[in-house]
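To start, the structure itself, in structure tokens.
The values are calculated or read from the model by the stated rules, or taken from the named source; none is laboratory data. Only a predicted model underlies this, so the values are computations on that prediction, with no experimental measurement involved. All Cβ positions, even for glycine, are placed from backbone atoms using ideal geometry, and neighbour counts span all protein chains on display.
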Amino acid sequence: MKRSIFYLLLILGVSSCGNDVYFEQNQELSPKLQWQKSDKKTFNVRVDDLASKFQMKLNFRYVEGFAHKTFKVKVTEISPSKVITVNSYELEIISPDGEYIGEPALDIWDSQHEIGAPVAFKEKGNYTYILEYEGETNALAFAMEIGIVLEKKN
């Protein structure tokens, strides 16, 4: 039994090497399972590490029945010195072969999407990230949560 636990811990330790989650937070969208264009999600991240590079990822939780192959998200970054950077990203939700992307749990799916290249922060302090749905419709149906992950690259 002790040997099994040791091997389990060894495997978990080895598999966790490589990248570390520095920050992760998810926020619920409307109880009506919609992400309204007017519903901006704000995340505050404290950065003290200027030596490492970080990969930003977006988490997206959605319900089976989601009809869009992709959708756009606008990401606004406000640095501690109030420099504003705005980028738009298209998240793929349904693969070219028609399959949902992500991990299923009954009829709920969790997907994670790398956005941009890994970057090193230029200044310490509090960064603000604002996520907005950028679509042709006023709301993105069958959407449950959106979130940000900053992963430290080793």
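When you scan segment 71-111, how many residues do you find that are of a type in the set (Gly, Ala, Ser), surrounded by 11 or more Cβ atoms within 10 Å (Cβ to Cβ), out of contact with any Gly (no Cβ under 7 Å at 6 or more places or on another chain) and part of a strand (DSSP E or B)?
Count: 1.
Assess whether Ser111 counts as being out of contact with any Pro (no Cβ under 8 Å at 6 or more places or on another chain), modelled with pLDDT of 95 or more and of a type outside the set (Val, Ile, Thr).
When the stated conditions are applied, Ser111 passes them.
The conditions are (1) in contact (Cβ under 8 Å) with a residue 24 or more places away in the chain; (2) farther than 22 Å from Tyr22 by Cβ, and Ser79 fails exactly one of them. Which is it?
With respect to (1) in contact (Cβ under 8 Å) with a residue 24 or more places away in the chain; (2) farther than 22 Å from Tyr22 by Cβ, Ser79 is out only on (2).
Given the conditions (1) at pLDDT below 95; (2) closer than 19 Å to Met144 by Cβ, report the number of the one that Arg61 does not fulfil.
Only one criterion is unmet by Arg61, namely (1).
Could you count how many residues in segment 53-70 are aliphatic (A, V, I, L, M) and surrounded by 15 or more Cβ atoms within 10 Å (Cβ to Cβ)?
2
Can you work out which of the residues in segment 18-42 that are of a type in the set (D, E, K, R) and surrounded by fewer than 17 Cβ atoms within 10 Å (Cβ to Cβ) is nearest to Val149 (Cα to Cα)?
Glu24
In this structure, is Asn26 within 22 Å of Trp109 (Cβ to Cβ), of a type in the set (S, T, N, Q), in contact (Cβ under 8 Å) with a residue 12 or more places away in the chain and not in a loop (DSSP other than H, G, I, E, B)?
It is true that Asn26 is within 22 Å of Trp109 (Cβ to Cβ), of a type in the set (S, T, N, Q), in contact (Cβ under 8 Å) with a residue 12 or more places away in the chain and not in a loop (DSSP other than H, G, I, E, B).
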